[in-house]
Amino acid sequence: MIIPRVPAQHRRLLPDRRLSGPTPWVIAILMLLTLLAAAAGVGLARSANAIGDAIAGRVTVQIVTANPITRAEQAAALRRAAAAQPFVRSARAVEQAELRATLGQWFGSAEGDDPVLQSLPLPALVDIDFVGEDRAGHMAQLRALVERVAPGARIIPHAEWLGPVARLIRSLAWIAGALVLLMTAASAAIVIMTARAALGTHYATIEMLHLIGATDQQITRLFQRRIAIDTAYGIALGTAVAAAILLLIGWQWSGITSGLAATASLGAAGWALLLALPLLAIALAALTARQTLLAALQKIL
Amino acid sequence: MVEFSGVGLRYGPDAEVLSDVSFNLQPGSFYFLTGASGAGKTSLLKMLYLAQRPSRGIVRLFGEDLVSMPRHRLPGFRRRIGVVFQDFRLIPHLSARDNIALPLRIAGVSEEDLSGPVGEMLSWIGLGDRAHAFPPTLSGGEQQRVAIARAVIARPQLLVADEPTGNVDPDMAMRLLGLFEALNRLGTTVVVATHDIHLISRIENAQMMRLEKGRLSDPTGALRYPPNRS
């Protein structure tokens, strides 16, 4: 049992000084940081996965033939030919207006009607999404197709330019995961120190209890209960503050609907993990306290 | 009841504080343990109440070898032993009543079953009206009485007392000795370490165990080979 049952009369064997020591407060801080790191890790991991999924099977074919009419014909032919291939899920020719609108943001013209922009010879782009996982094979087939329909066109796999970003985000998620593990280890260390300090503080009582026939289990339950409850207070406090912070961030995040930020969310599994973490922390604290106490008591006759 | 054979005890690398101690304590007997300060009385008592294993020799208690006994079996034996410590060792944040009730609670006696005996014991030691007082508010004599009550409340088979009357007035000393005697008559083996000659002279059938520089004086061999009690 995580918080063992101890008769009320036995509980009095330890003086009631709840929340007077630093343990609950340190645990609260660690729990807060653990939850924030875990939330960041989950959000980043989901973001990296979303980006990875989006870019893994997508390429853009850039047709740069000088003649705009030939360029448009090649683009249309490539789109049709690609769409007819079994390894292609979808093929879409990017409209020139869409290209101009995108570039217009850098020219200070939201409408894409900047005269300089209008005069630029823009390439024709065809976005192609592959079917299945055989990306290398699909690329080889696409290269052959492009060579036939639009010679000289350049194939740009999206993974080439967004891949490093996804890898960076995934690395940050791993770092967040490592931080969660480190803070869990730190919490366990705090519990070990608390258990040892409690044994030191109450050594005379423990010795007395041993001499009148108390078993290690009886003594351990007493201290395990106290440490588990103190830790649970800290964990509850840390969780409450972390929940408030996450809800605030979530509220602010909900206003961001575009770009990479839109891919970061916790999801049901993420929230479930965050809810499970405090419970796991209480169980870990109780187990750590129990093992520390039993090991220490073994050294006393 | 208790058998020591060739027992030696040393703390760390120092010389032995007890050497070649051999005796047999008979069930239902009363013993006084005497000796000068530093003779090893407290060390001997520690082994009797299972706070210390010997460095060598054989110690048998209630028919079992305690030297090789696994640790997890010791609590069961300790519950059959009552101990009065020289420094009382009361738990300061427990009331007199809770201190006395402790051995019964540890043994799993219900609150309903222990309230009667604990109340009687408190009255008997004259602390009925101070049941809820905490040890720091009790006088030395009162604390000693609580410590003795705690040692005898569970009717132990072996009672070990280290200077149990050192802090009480002569009247109370006699009353407490009378309690030990009554327990002894009920079959408890009693070992009392004391310097008090008057106390020793009050118990007719008590046997003397004298320690001198860590060795037990037993010129007649009566401690080692006690006559059978009828």
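The values are calculated or read from the model by the stated rules, or taken from the named source; none is laboratory data. Being a predicted model, the structure only gives us computed values, none of them experimental. Here Cβ is always computed from backbone atoms with ideal geometry, including for glycine, and neighbour counts include all displayed protein chains. With ligands, DNA and RNA removed, areas are computed over all heavy atoms of the protein, side chains included. Shrake-Rupley method; radii C 1.70, N 1.55, O 1.52, S 1.80 Å.
The table for this structure:
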read-out: Candidate set: the stretch B:79-91, residues that are more than 14 Å from A:Leu209 (Cβ to Cβ) and in contact with a helix residue (DSSP H, G or I) (Cβ under 7 Å, 6 or more places away or on another chain); chosen: the one nearest to the other protein chains (Cβ to nearest Cβ); value: B:Gly82
read-out: Pairs where the first residue, in the stretch A:264-276, is touching a residue at least 40 places away in the same chain (Cβ under 8 Å) and the second is assigned to a loop (DSSP other than H, G, I, E, B), C-beta under 9 Å, 6+ apart; value: A:Ala264/A:Ile256; A:Leu273/A:Leu266; A:Leu274/A:Leu266
read-out: In the stretch B:181-197, the residues that are open to solvent by 20 Å² or more (accessible area, probe 1.4 Å) and β-branched (Val, Ile, Thr); value: B:Ile197
read-out: Qualifying residue in the stretch A:227-234 (condition: open to solvent by 40 Å² or more (accessible area, probe 1.4 Å) and modelled with pLDDT of 90 or more); value: yes
read-out: Some residue of the stretch A:44-58 being open to solvent by less than 80 Å² (accessible area, probe 1.4 Å), over 30 Å from A:Asp114 (Cα atoms), in a loop (DSSP other than H, G, I, E, B) and away from chain B (no Cβ under 14 Å); value: yes
read-out: Residue in the stretch A:105-115 that is open to solvent by less than 30 Å² (accessible area, probe 1.4 Å) and touching a residue at least 24 places away in the same chain (Cβ under 8 Å) present; value: no
read-out: Matching residues, the stretch B:92-109, being more than 7 Å from every other protein chain (Cβ to nearest Cβ) and not hydrophobic (A, V, I, L, M, F, W, C); value: B:Pro92, B:Ser95, B:Arg97, B:Asn99, B:Gly108
read-out: Matching residues in the stretch B:27-67 - criterion: being assigned to a strand (DSSP E or B), open to solvent by 60 Å² or more (accessible area, probe 1.4 Å) and either under 17 Å from B:Arg79 (Cα atoms) or of a type in the set (Val, Ile, Thr) (or both); value: B:Ile58, B:Arg60, B:Glu64
read-out: Some residue of the stretch B:62-78 being among the hydrophobic types (A, V, I, L, M, F, W, C), under 20 Å from B:Arg224 (Cα atoms) and either touching a residue at least 40 places away in the same chain (Cβ under 8 Å) or within 8 Å of chain A (Cβ to nearest Cβ) (or both); value: yes
read-out: So A:Pro24, is it modelled with pLDDT of 75 or more and under 30 Å from B:Leu94 (Cβ atoms); value: yes
read-out: Candidates A:Leu247, A:Leu274, A:Leu284 - the one that is exposed (fewer than 12 other Cβ atoms within 10 Å of the Cβ) and either at pLDDT 85 or above or within 14 Å of chain B (Cβ to nearest Cβ) (or both); value: A:Leu247
read-out: Single residue of the stretch A:195-221 satisfying the filter (away from chain B (no Cβ under 11 Å) and in contact with a Pro (Cβ under 9 Å, 6 or more places away or on another chain)) that is most open to solvent (accessible area, probe 1.4 Å); value: A:Arg221
read-out: Residue under evaluation B:Val190, criteria (1) more than 25 Å from B:Met47 (Cβ to Cβ); (2) touching a residue at least 60 places away in the same chain (Cβ under 8 Å); (3) of a type in the set (A, V, I, L, M, F, W, C), criterion not met; value: (1)
read-out: Unmet criterion (only one of (1) touching a Gly at 6+ places or on another chain (Cβ under 7 Å); (2) buried (at least 19 other Cβ atoms within 10 Å of the Cβ)) for A:Asp129; value: (2)
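Results for (1) of a type in the set (Lys, Arg); (2) within 18 Å of the chain's Cα centre (by Cα); (3) buried (at least 22 other Cβ atoms within 10 Å of the Cβ); (4) closer than 18 Å to A:Leu211 by Cα, shown as yes or no for each residue.
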position	(1), (2), (3), (4)
B:Gly108	no, no, no, yes
B:Val118	no, no, yes, no
B:Gly128	no, no, no, no
B:Arg155	yes, yes, no, yes
B:Glu163	no, yes, no, yes
B:Leu179	no, yes, no, no
